[in-house]
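I have placed the structure first, in the form of structure tokens, so that the comments after it can refer back to it.
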Amino acid sequence: MTIEEYNQSLDLYSDGLKRFVERLTMNNSRAEDIVQDTYENLWIKLDKIQNSNLKSYLFHSAYQFFLKDKMRDSLIYKENIDSESDYNHTPAYTDIKDILHQAIDTLTPVQKTAIILKEYEGFEYEEIGEMMEETTLQVKQHVFRARVALQKYLVKSDNVI
């Protein structure tokens, strides 16, 4: 891959990549960090990457950075959970967008990634499989389970508007 192709990939894929990661993390600054890490990783491996599979490589790399970030967060959360009080308050939401974001946050990272790539970004199952390094059948299964989980979450009486 040449430097020109690298710069062209920034123009072609960075916005979609940021949208994808932003939906995974629900945090704009984290999404920007992960996209930056992804492009830094691409720069380091510039001579090893083929331009033909660049899009899949970028989304897969961003997904891996997201998983590492999520794992780090869960470790920090486990360390801090003992020091917090038992106060458990769930705020009542009236905005459907907030409820949908909450519902998506309940999914496993694999389901969350699959449903976002399929429904929000419009990728085909085969493309998602390449990005996630899974078979098309596994991706279809993740999307199906995510849809079922979202449906169950959204029809709870606490979440219905």
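What follows draws every value from the coordinates through simple rules; no lab data is involved. Because the structure is a prediction, the values reported are computed rather than measured. Positions of Cβ are generated from backbone atoms using ideal geometry, with glycine treated the same way; all protein chains shown enter the neighbour counts.
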Length gained if Thr135 through Glu121 is fully extended, taking 0.36 nm per residue and subtracting the Cα-Cα distance, is 3.2 nm
Out of Ala149, Thr108, Met132 - ranked by how far each Cα lies towards the positive end of the dipole of the range 91-161, with unit charges on the beta-carbon of charged residues - the top one is Ala149
Simple SL model, points at 7 angstrom along Cα→Cβ for Gln151 and Gln36; separation in nm is 4.2 nm
Mean separation of Cα contacts under 8 Å (at least 6 apart) over the residue count of the range 91-161, i.e. the relative contact order in percent, is 39 percent
With R₀ set to 25 angstrom, the calculated FRET efficiency between the beta-carbons of Glu5 and His101, to the nearest 0.05, is 0.10
Using alpha carbon centers only, the range 1-28 is separated from the range 115-157 by a whole-angstrom value of 21 Å
